[in-house]
Amino acid sequence: MNRRSDPTVGRLPRNRLAKLLVAALGLVAFAGLAACGEDDSDTLTVYSGREEELIAPLLDRYEEESGIDLEVRYGDTAELASTIIEEGDNSPADVFFGQDAGALGALEKEGVLAALPQETLDRVDPLYRSTDGLWVGASGRARVIAYNSENLQPSDLPRSILDFTEPDWKDRIGWAPTNGSFQAFVTAMRITEGERAAEEWLRGIVANEPEVFGGNTEIRDAIAAGEIDVGFINHYYVAQAIAEEGESYPVDVYFPPGGDVGSLINVAGAGILESSDDSGQAEEFLSFLLSEEAQEYFADAMKEYPLVEGVPADPAVVPLRQIQQPNVDLGDLDDLRGTLDLLERTGAL
């Protein structure tokens, strides 16, 4: 028999064919549901200039409480901001979480940040958020003069950071010119003192042959070891060491008075990308950063300053209201390129 001419050969009974079609359609529907379950709507992409070892425990809490998976890309704050600018509308980032306001200001200037809800902005003092409502500070970070408390008293230190160019301080200073917080401080000095004064200060410090370090922790440890007498760092590095080592830890912090730029208060903060497809979840994430739980984490675990009213700072740090900080709009700290050029021109880098 010709197999091609037999209508029953190679065919399935109609009832069985119908059952297989139903089963196939069911598999397609199931696959569709599974795809929805794996959809990016359950994932938020965060570019974080904050170090993983510091911030990961807090982000883990958010994932557990919200059910949202965070895809976090860690890196240098300035480099991540530059990456976002280069990526433009194609950036996969939903949120930028930077360690200083300069990078946030640069993104604001480029027009890549979305406006934040007023209720989110209102939780933080206007000093520590974008004047145009495009980013908000999550925690405060004070610049200080760290000093060896066994060798020096506050009265031995100059009233201004500008005076560390005096010859008496030669071979006694530690700094980290590649550090983002230091660079933001130099940008602030350019604003408060002028370009020429900032250049003269950098040249004066270079002439005093400071010890160069990769970061704040190394500076603090060198002071404790008696290798240098003073260093330019953020306040919480000393507070963390005292919490671990006890009150006998031989390093303390000094805030130059009178609104000196050496007492700059910068912020770590966050903004939402205009190109984000998950702005609702991104807003929830920023709200979490300003929640009592997160603010207490910044205060207790990291020794930074909480920025939401009602959450106290760690007792070991000088209260924020007592610091005579300079009059600087943090959003104006966006000219990183100009600061890098100045650092290179003066031999600091």
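FYI, it's all coordinate maths here, none of it is from the lab. Owing to the predicted nature of the structure, the values given are computational and were not obtained by experimental measurement. Neighbour counts run over all protein chains shown; Cβ positions are idealised from the backbone, glycine included.
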Self-check item: Gain on full stretching of the segment that runs from Leu349 to Asp132 - 0.36 nm per residue minus C-alpha separation
Solution: 74.8 nm
Quiz item: Cα convex hull of region 169-251: mean projected area in nm², to one decimal?
Solution: 5.5 nm²
Practice problem: Using 0.36 nm per residue of separation minus the Cα-Cα distance, give me the extension gain between Glu245 and Asp76 in nm, one decimal. | Solution: 58.0 nm
Self-check item: Cβ-derived FRET efficiency at R0 25 Å, Asp60 paired with Thr217, nearest 0.05
Solution: 0.65
Quiz item: If amide H atoms are built 1.01 Å from N in the plane of the peptide, which residues on other chains or at least 5 residues away come under 5 Å of the amide H of Leu70?
Solution: Leu44
Quiz item: On average, how much area does the Cα convex hull of region 294-349 cover when viewed from any direction, in nm²?
Solution: 6.0 nm²
Quiz prompt | Descending principal axes extents, the chain, alpha-carbon based, whole Å | solution = 110, 41, 40
Exercise. Per DSSP H run of at least 4 residues, take -39500 (n - 2.57); add these up for the chain, divide by its residues and hand me the 222 nm value, nearest 500 deg cm²/dmol.
Key: -12500 deg cm²/dmol
Exercise. Using a Förster distance of 41 angstrom, determine the FRET efficiency expected from the C-beta separation of Glu87 and Lys170, and round it to 0.05.
Key: 0.35
Quiz prompt | Measure of compaction for region 234-347 (Cα Rg per 2.2 N^0.38 Å) | solution = 1.30
Practice problem: Could you work out which residue, out of Leu320, Leu113, Leu286, moves most in a Gaussian network model of the chain, that is, has the largest mean-square fluctuation with Cα springs under 10 Å? | Solution: Leu320
Quiz item: How far apart, in nm, are two points set 7 Å out from the Cα along the Cα-to-Cβ line at Asp163 and at Glu296?
Solution: 4.3 nm
Exercise. Considering the options Val253, Tyr237, Val95, tell which one lies farthest towards the positive end of the dipole of the chain, charges being +1 on Lys and Arg and -1 on Asp and Glu at the Cβ, about the Cα centre.
Key: Val95
Self-check item: Loop-resident sites, region 134-171, for trypsin sites (Lys or Arg not before Pro), counting at most 15 other Cβ within 10 Å (DSSP)
Solution: Arg159, Lys170
